[in-house]
Every structure is written in structure tokens, then in C-alpha cells.
């Protein structure tokens, strides 16, 4: 009997038309005793969207009927786009526009079948939703309210959900109008009936501490609590490495091994060791927590980790992939205790940085120290005598690490890997969970050397598994679309820059050369942002498609199994590869891995979107009391409806709407990314430095409205009005000296930022 994937392959190869179930049974010669199973598989394929049921109870392949399966992304203005699950190419557009009257009651996040009715080019198409395969969410977070007739309803927090949900009396859980709640949908909307739901959780007033984080967790349907079964499993594993666990492992406990992480980190995935060999080469050990030893495939811990896909990091707290019993306990590479690891040992040429030899081992380590980025940087960069004395036995190790970093980094630069080193905003909270400051996150030499070590380990593991023909999950980053490169070329040409070669033959080193040319210049950030949008998104895939950004033929994620599920998968594959693996097992893996790659990529995007939205929300709340104040900023985006501005001081982005630019008529140039005044000839382009005033802060829509100071003043002068300014002190005012010994707010914020920094490991 066929498996589902085999059945789908057989239909594709042997059936040349939409066919009934009876016809499929005959064509595929399904034996009588297997027909019940066949019908269940057929239904499953329809539910998944791999087959489409059409009129006459016929089943067909969607790609042969001009049909596409994908997710709906709606716009608050009523239209939507569908992103196909099939990767772009082979005639499948990257997105499909859906007019409001063609949504067929579909909502944001729904998985749907779309008929393409008009295709403009390879990128753009228009379509109609035929069927909803899967609803995006069974629950909706929003604000509870009551209308004039006393009927309760929930207004979704996500503005892309353009319907309100009615809540019958007795289903409110005592919610007060204005409170944020979670509603379970009991009836989906139809053309004649509204959506109906019941409140299952009251989150509290929107301004209460911690409610914003709970709202985002609920909005993105992120599991916040681990099940009793998972916690019980983790508890049964104990807190220490047993004698049984030690058997058959390479003993690295005598090696000088340390962890280096942020001050607030509690789960330590990776530890490193570096020695010099007699031939002058480096012997780098990257020792990764052996989560796969403890978490059995199919266990409660594994099922929950798979569903979550990744840990999620918010300013106030983290939502971990594993319970704390594992994440910060038995699996964490805590100092001065034995811990199980999978180790990648690499001999690295001291001249070229190439890996000339490697070994993979199940190991055991005893970390000598839990180091922080700040401490290691103080030793290597500042040569701080206090730190150097405190860690005297380890100073030679850190110096070897620094030497190795220089060699590896030089190798990566020669190869042409793209190295974006943009400052990221770090939100610093006070004890009440309110934003105290927004500062630039520090990325010192300690961050960079650990990142470099993780990159080379990930690359070595990927190359090893590819070489031996073992199916695995790769971290892939495909070449950019030539059409997008062409648009990018045109834009940077207006600023005096260019990429060598035609758009269809651009190489990573060409982008890296541009990155180096723009570093430190006003146009650096907008060009870098546009460059990132030109690139494909990195994702997980069972097919090795290489990694364009890193300029490598094979790359994977191996170094963070406590917080990323794909890394756990790679650990299992790596361990399995050390034994004899037959063709049947390889075929089984090859069948399972594509879905794991798709699912974990989706979960990664969910986590990134949730983290980004919460940070933006906190930024907006931080700016709420700064209406009327003026700031310097850079133009980071230009559109027909205005300018996107990032404030230099606070790393906050706001919008200058075209309606506030009332001194002239401004024309938008999509290619040049400019707004040009018809009469004045004044031009605003991507990367320009401007002075803006905060006009309005909309907490509900989480938007900051700005105005260009020079235009506001010109319009006010023309109309004989004064520009409204904040009553707060001007930024340039000389303030009284602070009391000795009491650091100012920014100094306190920077110290907090240093304590809470999270690494960007490969």
C-alpha cells in the first residue's frame, strides 16, 4: 500500500485529469483490502491542500488547475494577499492579490485555496479564494466593549482582523469594558451572520504592567506554559549527569572550556575551547548541550518543542522552548558541573583560517567558568587589571580566542560573506516594566568571536552531513531575485554607488564591498535596509541550497538546541550518522524533514514578528509623553504617502504623512526613493538627515506621527501661526550637574543594557 507521499506521487505520474475516487482506485490498482485506507489518505491530502476536490467529486492537483494553496494576509482596508506555500518559480507568483469581494469570508492567517484569475508577471497575480482549508486562529485577543444596546463584543487587537466578535451575555468572564481579553470563536462569520465567541481569559487594562506582553503572546498564539506531562518528563531526568550517561563518551572535563553569554542569560547552549597545536594551527572545540540525549523523539518534551519551534525573547521575559528544568538545569552548560555535549573539534590553519581536519564526538565537559561578553571584552580590549587578575588562569585562553577570531574573520571576508554590523535598539525597562530608555545594543569583540566560532562549527557540521549523504535540515539562503537586484542597483546609482556585474550574476562579495563603502555614512542604514529587503529570507530546508549571505555551499544550525528545534533535529541526525544508516532510514528522513523545515521556518517568523511588534509597542508608549518635542532622524523609507523616519536618539521609527507636507505638492519617485516638491524643487530621499517634531502618538494603533520641522515652520509662517512646541526642556539646555555618585538615566540604562544583552550566535 502507498504512503501518503507515495500516493500523491503516483497520482501526479499516472493520472492525467481530475478523477473521481472510483477512477483513482482503478487507475492506481488499489487492492480491495486497502480501499478504506486509501479513502482516508485521499481525505487527508485534500485537507492538507495537496489535492483539491472540485465539482463532481473529482480530485485534482492544484498546480494543474491554476489553483494555489497559501496563507491569507489581510489589510485593514479590506483587501488581502495570499502567500503561496510553494516556493516562487515554475509559474507560481510570490503573492496573489485578493480583492475584498473575493475573500469568501476568509480571515487573516487562514490557509486557503486560491484560483489565479489574472497574472501580470512572475511576481504579481490576482485571484479568488475558493475554499478555507484551515482557520488561522481559534482564539482572538482584543478589547472588550459594549454597544448602546448592551451587547458585548470584542474588537481584535490585530487590525488585520477586520471583524468584531459578538459575545453573548454570560460568556464574558466578568470582563469590564476597555479590558484586553482573549475570545474563543464559536461561530465563524458568514455573509448573513456575524462571528460569535466567548471570553476565555481576561488579560487586564491595556496600560497595566505586563499586559502588553500577554497581549502579544495571545495574539501570536505562542504557548506560554508547559504541559504537566512535559514538566514531569523533565523532572524525572533529574538535575545531574548520571554514571550511566557518562559511558561511551569522550571525556573533555580536563580541557579549559568556558561559556560566554550575556549577563542575563540563564540557558547556556554552547561552550568553547581553543588550543595551539605544535604546527601552529588552532584546535577549536565547540561543545553544544546534548539535548538529544535527554529528549526522545515523540516524547511530550519533543512534541511541545516541535510545536513551539523556538524560544521567544521579549524585553520583560523569555518564553522558552523547553521547561526550565531542562533549559536552565540539566541541559544548560552551567559552570563547575558535569554536562553532556555534542562536540565539533576543528583544526584550523593559522594562516588561511580553513578547517583542515575535524572530529565529531559525544562528549562530557566541566565548564571552568560562566563568562559574560562584558568581562571578556574588558580582558581583551580594555586590559582591565581587575578582570585580568580575577580570571588570570583563563587569560591565555581568551587571547588564543582573539587570535583565532582574527584568522576566521579574515577568511570570511576573503570569501565575500556579507557582514551587516548595524546597531540594534535595546529596550531597557524599569522595575515596573515601563521603558526607561532605548539604547544601542553593544556588540563587542566577545560577541563577534563567539559568533565566528559558531558559524564555523555550523558550516563544518553541514559540510560533513552533505559529504556523507545524510539527510538533514539545512539553513538556506538563496540567491536574490535578479529583478529586485536591478531595482536596488537603480536606487544606489542615484546615491553614487554601484554593484559590479549584471543583476543575474551578483555575488555576496559585491554586496559586502558595498557594505564596507557605506559604513559610517548617513546613507548606511537605509541602503542596508533596502539591501536586506532585496535578499531572500533565510529558512530551513531539507535540500541543500547553500547560504548566499555567508557565501558558503552548506550551512546548518547546530549550536542552539535548547532554544531552536532545527538544531535538535541536526543533533539527532548527526548522532545517527555515526552508526550504519540503511537506505530505508534515509528515505524515511528525507520524507519527514521537508515538513519539519516548513513548520520551524514558520515558527521562527512568528517569534520574530511577535518580538518586533512588542518592541514597537513599547517604543510608542515611551514616546507618548514627548509630543511637541523635536528630534534628529534619518529617512529610512519613502512612499507615496510619506516618509519613514528613525529618530537617532531613541532608535524609534515614526511616519511623516504626506498630508503634513503642506508647503508644496510632492511627487513620489518609486525608483529613486524620493519625494520632490513641484514648486520648491526640495527633495527628500532615503538616507537624508532631517529634523522632525512629534505631532501625535496613537497608542491604540501603535503609531507615531511626525512632522518635518522646516515644513511645519514654513506653513505656520505662511498662515501667521506659531508652531506648537513641547513645554519640556529643549534638548540643548544646559542642566545642573548631577549629584556625585548618582548616574544619570542614560548611564543607568547603558548599564542595564550591558546586563541584559542577548547574543547573535550563528
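Can you sort 665, 306, 684 by how many other beta carbons sit within 10 Å, fewest first?
Fewest-to-most ranking of 665, 306, 684: 665, 306, 684.
Ranked highest first by the average count of other Cβ atoms within 10 Å around their residues, in what order do 516-523, 570-577, 353-360 fall?
Put in order of decreasing packing, that is 570-577, 353-360, 516-523.
Can you give the extra length, in nm with one decimal, that the chain gains between residue 609 and residue 624 once fully stretched, where that is 0.36 nm per residue apart less the Cα-Cα distance?
Computed gain between residue 609 and residue 624 is 3.1 nm.
Residue 505 to residue 246: FRET efficiency via 1/(1 + (r/R0)^6), r the Cβ-Cβ distance, R0 60 Å, to the nearest 0.05?
Here the calculated transfer efficiency is 0.65.
Taking the Cα centre of each part, how many Å lie between region 49-74 and region 237-263?
Centre-to-centre (Cα) distance: 51 Å.
Using the 10 angstrom Cβ neighbour count as an exposure proxy, how do 235, 372 rank, fewest first?
235, 372
When DSSP beta bridges are limited to those with both residues in the chain, what percentage is antiparallel, rounded to the nearest 5?
Given both bridge residues lie in the chain, the antiparallel proportion sits at roughly 90 percent.
Length gain on complete extension for the stretch residue 582 to residue 599, per 0.36 nm per residue less the alpha carbon to alpha carbon distance?
Gain in length upon complete extension: 3.5 nm.
Label-point separation (nm) for residue 198 and residue 47, each offset 7 Å from Cα along Cα-to-Cβ?
2.4 nm
Given points 7 Å out from each Cα along the Cα-Cβ axis, report the residue 5 to residue 423 separation in nanometres with one decimal.
4.8 nm
Tell me, what is the percent relative contact order of the chain, built from C-alpha pairs under 8 Å that lie six or more residues apart?
9 percent
Please give the calculated 222 nm ellipticity per residue for the chain, where each DSSP H segment of at least 4 residues contributes -39500 (n - 2.57) and the sum is spread over every residue; nearest 500 deg cm²/dmol?
Rounded to the nearest 500, it is -10000 deg cm²/dmol.
Let me check against my output: what whole-number percent is the relative contact order of region 90-194, with C-alpha pairs under 8 Å and at least 6 apart?
So the answer I get is 23 percent.
What whole-number distance in Å separates the alpha-carbon centres of region 3-24 and region 360-384?
57 Å
Which ordering of 40, 603, 276, 676 is given by a fewest-first count of other beta-carbon atoms within 10 Å?
Ordered from fewest to most neighbouring Cβ atoms within 10 Å, 40, 603, 276, 676 come out as 40, 276, 676, 603.
What is the calculated FRET efficiency for residue 28 to residue 307, with r their C-beta to C-beta distance and R₀ = 35 Å, to the nearest 0.05?
Once rounded, the FRET efficiency stands at 0.55.
With the cut-off at 1.5 for a/c, could you classify region 66-134 from its C-alpha gyration tensor as rounded, prolate or oblate?
Verdict is prolate for region 66-134.
At a Förster radius of 25 Å, what calculated FRET efficiency corresponds to the Cβ-Cβ distance of residue 719 and residue 689, to the nearest 0.05?
The value I calculate is 0.40.
If you average the C-alpha positions of region 431-500 and of region 589-618 separately, how far apart do those two centres end up, in angstrom?
Value for the Cα centre distance between the two parts: 16 Å.
Residues in region 94-119 near a label at residue 54, defined as backbone nitrogen under 17 Å from the 7 Å Cα→Cβ point?
Correct set: 113-118.
So how far apart, in nm, are the two label points at residue 155 and residue 658 if each is 7 Å from Cα heading toward Cβ?
2.7 nm
Which whole-number percent is the relative contact order of region 163-221 (Cα, under 8 Å, 6+ apart)?
Over region 163-221, the number comes to 35 percent.
Pulled fully out, how much extra length does the chain show between residue 176 and residue 101, if you take 0.36 nm times their separation in residues and subtract their Cα-Cα distance?
My answer for the length gained is 23.5 nm.
Once you have a ≥ b ≥ c as the square roots of the Cα gyration tensor eigenvalues for the chain, tell me rounded if a/c is under 1.5, and otherwise prolate or oblate according to whether a/b is larger than b/c.
rounded
For region 1-88, what class follows from the C-alpha gyration tensor (a ≥ b ≥ c being the square roots of its eigenvalues): rounded when a/c is under 1.5, otherwise prolate if a/b is larger than b/c, else oblate?
In terms of gyration-tensor shape, prolate.
Rule-based calculations on the coordinates, nothing more; no lab input. Note that the structure is a prediction, hence the values are computed from the model and not measured. Please note: Cβ atoms are built from the backbone with ideal geometry, for glycine as well, and neighbour counts cover all protein chains shown.
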